[in-house]
1. What percent does the relative contact order of segment 239-318 come to when contacts are Cα pairs within less than 8 Å and at least six residues apart?
2. Would you mind calculating the relative contact order of the chain from Cα pairs under 8 angstrom and at least 6 residues apart, reporting the percent as a whole number?
3. If you take every residue apart from Asn43 with its C-beta less than 10 Å away from the C-beta of Asn43, what net charge results, scoring Lys and Arg +1 and Asp and Glu -1?
4. Among the aspartates and glutamates, which fall within straight-line cross-link reach of Lys374, defined as a Cα-Cα distance under 16 Å, with same-chain neighbours fewer than 8 residues apart omitted?
5. Sort 251-260, 46-55 by the packing proxy (mean of other Cβ within 10 Å over each peptide's residues), most packed first.
6. Averaged per residue, what accessible area in Å² does segment 317-372 show with a 1.4 Å probe, protein chains only?
7. Can you tell me the relative contact order of segment 172-289? Whole percent, Cα pairs under 8 Å, sequence separation 6 or more.
8. Could you please tell me the mean projected area of the C-alpha convex hull for segment 37-92, averaged over all directions and given in square nanometres to one decimal?
Amino acid sequence: RRLGNMAGVSGHVAPILENAKLKFEEKFGELPAYAAVAPGRVNLIGEHTDYNGGFVFPMAVPMVTVVVGRESQDGKSQVYTMSDAADEPRLVEFVVKDGLQPGTPKWANYVKGVIANFHEPVKEFQAVIITSVPLGGGLSSSASLEVAFYTFLEALMKSNASSLTEKALKCQKAEHDFAGMPCGIMDQFIAVMAKHGHALLLDCRSMDWEQVPLNDPDIAILVTNSNVRHELSGSEYPERRKHCEEVAQVFGVKSLRELSVQQLDEKAGVLDPKKLQRARHVITEIERTSKAADALKLKDYNQFGKLMVESHESLRDDYEVSCKELDELVNAAIEVDGVYGSRMTGGGFGGCTVTLLKRSSVEGVISHIQSKYKKGATFFICQPVEGAKVIEI
Ligand code: ADP
Ligand code: MG
């Protein structure tokens with residue numbers, strides 16, 4: 001039986017969209033009326049810079065979250081996730097018009113946060129969520145879910161956010177208020193704005209952005225999942241963020257973006273050594289990111305790769321958010337001919353690395369990493385895909 005016309009739906013979306021439609025029919029007894037998709041992302045360089053007013057340089061990956069659904073007839077809302085989120089129940093029920101609060105299951109807080117932050121009141125609905133982004137793997141399944149859900153609500157309510165920036169900001173606020181995660185804007189922004197075949201340079205101070213072509217057939221982006229996630233990631237992130245704010249305060253500036261390494265060094269004697277280290281990472285990383293974008297425009301992959309490795313070292317030694325597994329993956333990758341550079345990506349303490357390499361070297365790198373990394377890595381060769389959109393079904 002045909003479930004709908006799949007023309008125009010990309011290959012990385014079509015199969016999971018079909019599964020979501022089937023699951024919706026099984027759960028709710030009819031086919032969904034609306035569908036939306038949003039991608040996960042990998043950050044090429046510019047880590048822990050977004051909440052410091054700096055540059056980030058992510059691209060959307062062909063791993064996506066799809067939300068399908070329709071209006072509800074019985075005055076309540078139901079959302080079902082096809083993912084195994086920490087063994088929590090997969091179905092959640094609530095009444096939107098009674099007002100929403102964070103609660104359990106925890107995964108549903110991302111959804112409730114988006115509903116609460118949607119730009120107009122939302123009617124009751126039923127929805128199914130499916131994703132090919134690994135949960136908690138550092139490829140931003142959370143923003144992918146928020147943005148896919150916001151886009152689904154736009155279709156359901158036949159009403160768009162006033163701008164794409166507004167949409168990203170509302171999704172970020174959903175994560176702050178309902179999931180308790182004080183994240184920067186990078187993940188939501190790229191999930192909204194991404195352009196096929198491009199990475200996105202975002203200035204998190206001005207919110208200006210630039211799409212930079214990344215579609216050279218001789219080049220590959222390899223994402224390697226360490227398949228570990230250390231518990232530290234939850235508590236350490238807000239602490240890093242606080243330290244950065246404190247250093248900015250010492251200098252009387254709004255964010256670390258306003259400071260140079262030289263200014264920082266001048267106050268080296270009075271700053272707490274850990275905070276000095278944290279700030280040094282951020283300030284040097286902002287500069288590396290801007291240089292890396294210039295290098296990519298010139299197709300200077302050697303320079304780009306060198307900056308990636310420096311970024312990793314700074315995250316490892318100064319920001320202290322890497323871990324043994326991520327270091328092992330990076331070290332193994334850069335031993336192989338044809339690799340320009342490699343680094344941890346995302347918040348840290350596990351998750352993924354990103355490697356820039358010659359396409360002809362992909363197989364060699366994967367087998368070398370496999371031989372060195374005993375915990376078992378997972379590999380994704382990624383081309384930059386487009387951002388969130390409604391899918392006609
Ligand atoms: P990341 O964004 O790097 O994948 P996070 O810890 O920020 O990691 O977000 C992961 C959390 O987001 C999951 O634990 C879960 O609560 C929620 N989540 C993301 N995608 C889904 C999904 N498809 N279904 C249910 N929950 C999801
Ligand atoms: Mg996240």
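1. That works out to 27 percent.
2. 24 percent
3. Its environment carries a net charge of -1.
4. List returned: Glu325, Asp327, Glu328.
5. The peptides rank, most packed first, as 46-55, 251-260.
6. Accessible surface, normalised per residue, equals 35 Å².
7. That works out to 15 percent.
8. Averaging across all directions leaves 6.4 nm² for the Cα convex hull.
The values are calculated or read from the model by the stated rules, or taken from the named source; none is laboratory data. Everything numeric in this text was worked out from a predicted model, so none of it was measured. Cβ atoms come from the backbone with ideal geometry, glycine included; neighbour counts cover every protein chain shown. The accessibility values were calculated without ligands, DNA or RNA, using every heavy atom of the protein model including side chains. Shrake-Rupley method; radii C 1.70, N 1.55, O 1.52, S 1.80 Å.
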